């Protein structure tokens, strides 16, 4: 299928096969509203709704849903509505005889260039959970924090380990974050000290938004979970390793993480990712029945999504590669994560966000954090042939995550998840 | 000061010195709205606002703020507004010459009996954090989970350990919860099994609501934290010990907790609790400067609040005592918890909830959970002289938390935090 409404370069993340949703504002329309990305443009979903493009879709009050400043209500409507909207958009964008298309005429009537759109968080995130679903990452970090013999805890191969994160400090790509200060204990023989984190890190993650929720006390099966995932974004789970290492026992990461988490603004739907399903790693031991794939669900729980992290070090104008990984390395699938989350009756709400945990793969270049690349700061990581090295992230460095699926002549991509680290505030402490 | 508008018994939790806020609805007014409890009545804050009682208060659009279905906006306004509203209410309730009082006439015009009010969550809780601030509880649990030598982790006396909890599953007192199912590993020599939790527990906690928030990247001092706490509720942090013990390493509690957390509906303000300040336990080692009490803040960070837990076991009509504790046992104060939470720049929002962690004291009767009372199920806990015993909470048991401060002839109390455990769903797994 080819977009005939606007030009879409083959290397664009935002093909007609993609159609990711986001929340944007412009100089002329300062209130955040719903958009969909195509090529280098953002289409105004509210304007399309007012033109009647979604008029025939059962269960969708399109003008209200697409007139809102977040995607939560659209997310709540479920897959039949999501698919009908996607089909209507594809028809509008590709079909010269489309009735709405004839009304619209030129692109300027319903779209602005991406460069004119200021992006906002795509949803009001009620709860944010982060999983730990890459075996390679869990093994690497466990080795450094607890030694090789205790690297992978006994529960890890039996369940998708996860923990609650902080929703308030999730920011949209492009938001600069301050280096956090806190307690650290660099010398285990001496008392802890206070100051800016000296081991600031990124974590390469993806994250999914929950669609229709479940009532408190009512679990979701793997099959139900599969149907209730709306779409995905890229995520940088910034981590202050020194704060984390000192605080995290026994109740888990807290201030080492909650100073900021960056997500990309465009939510790529699971329908757009469907052609890129891939086998997930073999699971041994076999999971308990509530985590198994039923025959009625798609066989493959993984997705072949290339993921990259690049860094623009302070004082330089260009990016250098840090990580080259792929979501297919992830041991526990998204639907297993969601089914596990709800098996005790925990209620999920539309717009809840679940991170995958750092997506490291088997090779050194696929390690998804500086902690792993520098092996806890024991070695310098060269940035290309620039002569610059890093062990952790330094002040004013910019970290960029990108990701995409390559189709035959088109791409389904996520755009950028980017953020700069500003120097710590001087607290006089 | 005596309430002359309605009768208030000396043993009532809701004296004129208290005036806790809550969200309620009635058969005649089905939309949740703001109320304040006095004696055995709920006053309609919206009605009082429309009568002009809060007309002279700078920075308060009383009709809008008290016309909302949650307290978040009122919480956001800060202590000067909170105090002015409190004074206006006290004047209205005690002063025969009050202008609004003359307009109102009888109590029925602006109030309903507590028994006619259905209570709702007092705020939309954006993020929920749980601390672990009782030394006795942390030592008891640590001993059982990790042995005596590793009971209190090295960080515990240096910082208020906390972790993120689940906001979606916080329910108001009176909401029944289902026993959760999940993975447990009762026999460490065999693989984990799936089924209903066999070690369901309560945790006696208090929790505070955050008032005005802070911007991402901008910490709060202890002094600022002191000013930004709106008020407190009682909390039962229900815990499935077998699920928790298997899952919690290394990222902390997750499904062992997030199936439900119960809070009491009436938010007792810090202004009402002010006369009941008490010294907190001596802190050795001295905390780092960002956690110390500045000379300008009130010297005592603790509060003398008697806390009780009682159980009505399945099939019985009466309650029996389980725990008798006091908030003054808590090692880390509320303001230390909040200052620590924000020291890395984590942004707090009005209506965020922070639990204290289980408030156990030094004596056996003050242990705030079945885990501690039965010492991990090793001994039966007798319920009074009923002949009934418990190691953990059984199906259809009702657990009730109460708490209050005793003044001279009056009481500042919290009402009830109550909940029943229903049998697990049969998931056929």
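Annotations
- Estimated distance in nm for a label pair at residue B:91 and residue B:26, the labels positioned 7 Å out from Cα along Cα-to-Cβ: 2.6
- Inter-probe distance in nm under a simple model that places probes 7 Å from Cα toward Cβ, at residue A:198 and residue A:176: 2.5
- Inter-copy label distances at residue B:118 (7 Å, Cα→Cβ; nm, one decimal): 4.2
- The stretch between residue A:365 and residue A:406 holds 12.7 nm of extra length on full extension. This uses 0.36 nm per residue minus the Cα-Cα distance.
- Between 0 and 90 degrees, the angle of helix B:135-146 with respect to the longest Cα principal axis of chain B falls at about 30 degrees.
- For the A-to-B rotation axis, chain A residue with nearest beta carbon and its distance in angstrom: A:252, 1
- Ascending list, in nanometres, of distances separating the residue A:298 label from those of the other copies (7 Å, Cα toward Cβ): 5.7
- Exercise: per-residue mean of other protein chain Cβ atoms within 10 Å, B:241-248: 3
- Residue with peak Gaussian network fluctuation, chain A [Cα springs, cutoff 10 Å], from A:126, A:413, A:165: A:126
- Highest to lowest packing among B:203-210, B:247-254, B:236-243, scored as the average C-beta count within 10 Å: B:203-210, B:236-243, B:247-254
- Teacher prompt: residue B:56 distances to equivalent labels in other copies, 7 Å Cα→Cβ, nm: 6.6
- Modelled spin-label separation between residue A:50 and residue A:425, with each label point placed 7 Å from Cα along the Cα-to-Cβ direction: 4.1 nm.
- Normalised radius of gyration (Cα atoms, divided by 2.2 N^0.38 Å) for segment A:29-79: 1.12.
- Taking other C-beta atoms within 10 Å as the exposure proxy, A:266, B:246, B:332, B:156 rank B:156, B:246, B:332, A:266 from fewest upward.
- Extension gain for the segment residue B:396 to residue B:227, taken as residue separation times 0.36 nm less the Cα-Cα distance, is 56.7 nm to one decimal.
- Whether segment B:21-120 is rounded, prolate or oblate, judged on the alpha carbon gyration tensor where a/c under 1.5 counts as rounded: oblate
- Among B:285, B:192, B:298: highest mean-square fluctuation, GNM of chain B, C-alpha pairs under 10 Å: B:285
- Taking the centroid of alpha carbons for each part, segment B:171-186 and segment B:83-104 are 44 Å apart.
- Ranked list, fewest to most other Cβ atoms within 10 Å of each Cβ, for B:416, A:372: B:416, A:372
Every number in this text was worked out from the coordinates using simple rules, so none of it is lab data. Predicted model, so just to flag it, every value in this text is computed and none were measured. Quick reminder, even Gly has a Cβ in these numbers, built from the backbone with ideal geometry, and neighbours come from all protein chains shown.
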